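The structure under discussion appears below in the form of structure tokens.
The values are calculated or read from the model by the stated rules, or taken from the named source; none is laboratory data. Keep in mind it's a predicted model, so treat the numbers as computed, not measured. Please note: Cβ atoms are built from the backbone with ideal geometry, for glycine as well, and neighbour counts cover all protein chains shown. Side chains included, ligands, DNA and RNA excluded: accessible areas come from the protein's heavy atoms. Shrake-Rupley method; radii C 1.70, N 1.55, O 1.52, S 1.80 Å.
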Amino acid sequence: QVRLVESGGGLVQPGGSLRLSCVASGSIFYIVDMGWYREVPGKQRELVATISRRGTTDYLDTVKDRFTISRDNAKNTMYLQMNSLKPEDTALYYCTAKILSGSSNRDYWGQGTQVTVSS
């Protein structure tokens, strides 16, 4: 019954910015780790960034210093601030979260939000 819903994707020009959001809802006891993946047709899903409950972050080398992952535990929400966007950032972005609930301890996935970087 847990759901993750992404928002904030869209079409931007190279050098522009977007802020993605991921809101978790449902029967949630505790969200442990959260992260963002991205996927393009014909390619394997790629881990973009992760953030722990304590705020420890990690980034894909190609987005480091351009993207910032953050979370608001009180709102069960995660963000990905994407600056200096490049065409190669174009992808379907998914949020994921390891969530402890009354009946499970597992990874959940959103349905994705499209980011397109083009002039």
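Out of the residues in the stretch 73-106 that are closer than 14 Å to GLY16 by Cβ and assigned to a strand (DSSP E or B), state the one that is least open to solvent (accessible area, probe 1.4 Å).
MET82
Collect the residues in the stretch 45-71 that are among the hydroxyl-bearing types (Ser, Thr, Tyr), within 17 Å of LYS98 (Cα to Cα) and part of a loop (DSSP other than H, G, I, E, B), keeping them in residue-number order.
SER52, THR56
How do the pairs read when you match residues in the stretch 94-106 that are touching a residue at least 24 places away in the same chain (Cβ under 8 Å) and within 9 Å of LEU4 (Cβ to Cβ) with residues anywhere that are open to solvent by 70 Å² or more (accessible area, probe 1.4 Å) and part of a loop (DSSP other than H, G, I, E, B), using Cβ under 9 Å and keeping only pairs 6 or more apart or on different chains?
Listed pairs, sorted by first residue: TYR94/ARG45; TYR94/GLN111; ILE99/PHE29.
Go through the residues of the stretch 39-46 one by one and say whether even a single one is of a type in the set (D, E, K, R) and open to solvent by less than 50 Å² (accessible area, probe 1.4 Å).
Looking only at the stretch 39-46, we keep the residues that are of a type in the set (D, E, K, R), and these are 39, 43, 45-46.
Filter once more, keeping what is open to solvent by less than 50 Å² (accessible area, probe 1.4 Å): none.
Looking through the stretch 39-46, none of the residues is of a type in the set (D, E, K, R) and open to solvent by less than 50 Å² (accessible area, probe 1.4 Å).
Taking only the stretch 2-44 into account, find how many residues are under 18 Å from GLY55 (Cα atoms) and of a type in the set (A, V, I, L, M).
The qualifying residues number 6.
Take the stretch 26-45 and flag every residue that is closer than 16 Å to THR116 by Cα and acidic (Asp, Glu).
Passing the criteria: only GLU39.
What's the total number of residues in the stretch 64-118 that are touching a helix residue (DSSP H, G or I) at 6+ places or on another chain (Cβ under 7 Å) and of a type in the set (Phe, Trp, Tyr)?
Selection size over the stretch 64-118: 0.
Suppose we keep only residues that are more than 17 Å from LYS86 (Cα to Cα) and of a type in the set (Gly, Ala, Ser) within the stretch 47-65. Which one would you say is least open to solvent (accessible area, probe 1.4 Å)?
This residue is SER52.
Can you find even one residue in the stretch 17-37 that is in contact with a helix residue (DSSP H, G or I) (Cβ under 9 Å, 6 or more places away or on another chain), of a type in the set (Lys, Arg) and modelled with pLDDT of 95 or more?
Scanning the stretch 17-37, I find no residue that is in contact with a helix residue (DSSP H, G or I) (Cβ under 9 Å, 6 or more places away or on another chain), of a type in the set (Lys, Arg) and modelled with pLDDT of 95 or more, so the answer is no.
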